[in-house]
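The values are calculated or read from the model by the stated rules, or taken from the named source; none is laboratory data. The structure presented is a predicted model; accordingly, all values stated were derived computationally and were not measured. Every residue, glycine among them, receives a Cβ derived from its backbone with ideal geometry; neighbour counts consider all protein chains shown. Ligands, DNA and RNA are excluded from the accessible area calculation, which covers all protein heavy atoms including side chains. Shrake-Rupley method; radii C 1.70, N 1.55, O 1.52, S 1.80 Å.
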Amino acid sequence: MTTPKVGFVSLGCPKALVDSERILTQLRTDGYEIVPSYDDADVVVVNTCGFIDSAKAESLDAIGEAIAENGKVIVTGCMGVDESAIRDVHPSVLAVTGPQQYERVVGAVHEAAPHQHRHDPHIDLVPAQGVKLTPRHYAYLKISEGCNHSCSFCIIPSMRGKLVSRPVGDVLREAEGLAKAGVKELLVISQDTSAYGVDLRYAPSEWRGREVKTRLTELCEALSELGIRVRLHYVYPYPHVDELIPLMAEGKILPYLDIPFQHASPKVLKAMKRPAFEDKTLARIKRWRELCPELTIRSTFIVGFPGETEEDFQYLLDWLSEAQLDRVGCFQYSPVEGAPANELGLEPVPDDVKQERWERFMAHQQQISAARLERKIGREIEVLVDEVDEDGPIGRSEADAPEIDGMVFLESKRTLRPGDVVRARVTNADEYDLWAEVIEEAQPVKFLDFYGA
């Protein structure tokens with residue numbers, strides 16, 4: 001019998017990428033072959049993003065392309081919560097499912113491309129860590145689903161539901177398996193990483209012969225025992241986040257915090273239904289950096305939120321000057337269908353004003369980022385090599401997450417491969433990236449080996 005083939009298109013954030021990996025792992029376990037082209041596929045799965053209007057448009061375009069090129073298309077992901085929005089444009093899709101509905105997606109594939117398969121562990125080559133869509137040396141580790149916040153600009157709770165944390169034992173066993181498989185960096189993700197475990201009342205799980213609480217600090221302590229990089233994303237600045245800074249200072253986890261501040265004006269933050277303690281946040285950032293001078297802070301902001309005045313925007317720029325954040329992304333506000341912000345009755349900010357503020361924001365932050373990176377010239381840093389192209393190795397420092405932060409362009413006298421970890425001296429910098437020379441030519445830095453490899 002010919003093995004059915006599945007094409008797969010994965011859109012959206014790292015959390016959606018993890019969902020795609022889980023679906024692909026089950027399909028491979030069920031005996032399906034995953035192919036990279038429409039022509040070879042018996043059916044195509046499109047994992048969509050529905051966070052903002054531009055993401056919805058991209059998802060609809062991807063569905064349309066898959067239908068035109070293949071004809072048999074299954075849709076899943078965040079946009080799938082509104083099936084009519086998809087079928088109104090593409091009525092021929094075979095099935096539509098929402099996020100986290102893995103079994104329904106796999107079931108739809110079985111219907112579209114039936115396959116009778118008996119799993120044989122000796123010949124079915126699904127890796128123990130599952131199918132991963134990231135390079136072998138780093139992986140995303142999703143610790144929870146959903147969110148208990150009710151931010152007025154966001155529809156994630158309506159798509160993914162309230163917070164549901166994974167038991168810490170399950171998370172740690174997955175992390176341990178990834179480390180054994182050669183992963184050098186874990187990127188911890190969720191909708192709200194800081195809230196991890198609150199829904200489970202921090203219930204303990206057994207791992208390595210002891211009990212560990214389902215709580216962020218205890219999770220980080222345990223992950224540090226794996227001897228690989230651990231990077232935290234989507235961290236809300238709750239008070240207990242202060243507990244993580246000593247772990248970073250001690251080198252147990254990377255000195256890196258991804259905190260979505262979104263704005264600084266108290267008035268705008270109130271309209272967004274976000275915590276409005278910008279003065280206390282500045283004091284905490286200062287204290288964090290005193291405890292851990294190597295700390296990198298990245299964040300995202302929204303400009304042009306309804307009701308935002310020039311005074312509010314200038315407040316944000318002044319706050320950025322004070323905060324001196326290392327890595328920053330900025331989005332122009334987009335009125336998402338179903339978001340509570342649409343019902344606030346606030347004056348919309350004209351598109352040309354949004355664009356002008358976005359440009360001023362980016363120029364302002366670029367100056368801050370360039371100055372902070374320039375201070376690294378002459379310093380030694382640790383670099384994880386991500387790729388090697390015709391110009392040489394390209395990697396990331398401890399301050400850089402994949403896809404969203406900067407890169408380190410390396411000069412080396414010896415051959416480096418993706419996954420190598422080296423020390424290098426920084427020779428140049430711009431607003432986003434670093435250039436560095438490898439200084440340990442004899443042998444790359446090797447993480448502690450806990451598995452006898």
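Okay, here's what the table says:
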read-out	value
Most to least accessible of SER10, SER158 (protein chains only, probe 1.4 Å)	SER158, SER10
Excluding exposed DSSP-loop GluC sites (Glu not before Pro) (at most 15 other C-beta within 10 Å), longest clean stretch of the chain	1-249
Rounded to the nearest 20 debye, dipole of segment 5-112 from Cβ charges on Lys, Arg, Asp, Glu	260 debye
Built amide H within the under 5 Å cut-off of GLU411, gap 5+	ALA436, GLU437, VAL438
Rounded to whole Å, sorted largest first: equivalent-ellipsoid semi-axes of segment 379-438, Cα gyration tensor	15, 13, 11
J(HN,Hα) series, segment 427-434, from Karplus relation 6.51 cos²θ - 1.76 cosθ + 1.60, nearest Hz, glycine and proline x	10, 7, 7, 10, 5, 10, 10, 10
Accessible area expressed per residue, the chain, with surrounding protein chains retained (probe 1.4 Å, Å²)	46 Å²
Cross-link reach list, aspartates and glutamates versus LYS56, counting only Cα pairs under 16 Å and skipping chain neighbours closer than eight places	GLU65, ASP82, GLU83, ASP88, GLU337
Given charges at beta-carbon only (K, R positive; D, E negative), |dipole| of segment 138-375 in Debye	760 debye
Stretchable slack from ARG360 to GLU294, in nm (0.36 nm times residue separation minus alpha-carbon distance)	21.0 nm
Simple Cβ-charge dipole of the chain, Lys/Arg +1 and Asp/Glu -1, about Cα centre, in debye nearest 20	1460 debye
Centroid-to-centroid separation of segment 180-204 and segment 18-87 [C-alpha atoms, Å]	26 Å
Fraction of beta bridges assigned by DSSP in segment 138-375 that are antiparallel (%, nearest 5)	25 percent
Segment 138-375 - Rg and Dmax from Cα coordinates, angstrom	18.8, 60
Rg over Rh, two decimals, the chain (C-alpha only, Kirkwood Rh)	0.96
Those lysines that a straight Cα-Cα span of less than 18 Å connects to LYS354, excepting residues fewer than 8 apart in one chain	LYS267
Relative contact order, percent, the chain [alpha-carbon distance under 8 Å, six or more residues apart]	10 percent
Percentage relative contact order, segment 7-115, counting C-alpha pairs under 8 Å, at least six apart	27 percent
Cα-Cα over 27 Å, subset of LYS162/LYS184; LYS142/LYS286; LYS252/LYS273; LYS15/LYS213	LYS162/LYS184; LYS142/LYS286; LYS252/LYS273
Portion, in percent, of the accessible area of the chain that falls on carbon or sulfur, probe 1.4 Å	51 percent
Whole-Hz couplings from phi, Karplus 6.51/-1.76/1.60, listed for segment 405-412; x for Gly and Pro	10, x, 10, 10, 8, 9, 10, 9
Helical mean residue ellipticity (222 nm; -39500 (n - 2.57) per DSSP H run of 4+; nearest 500) of the chain	-9500 deg cm²/dmol
Sites matching trypsin sites (Lys or Arg not before Pro) across segment 187-224 that sit in DSSP coil, with at most 10 neighbouring C-beta atoms within 10 Å	ARG201
Cross-link reach list, lysines versus LYS413, counting only Cα pairs under 21 Å and skipping chain neighbours closer than eight places	LYS446
Mean Cβ count within 10 Å, highest first, over the residues of peptides 361-373, 187-199	187-199, 361-373
Built amide H within the under 5 Å cut-off of THR296, gap 5+	TYR256, LEU257
Antiparallel %, DSSP beta bridges [both residues in the chain], to 5	40 percent
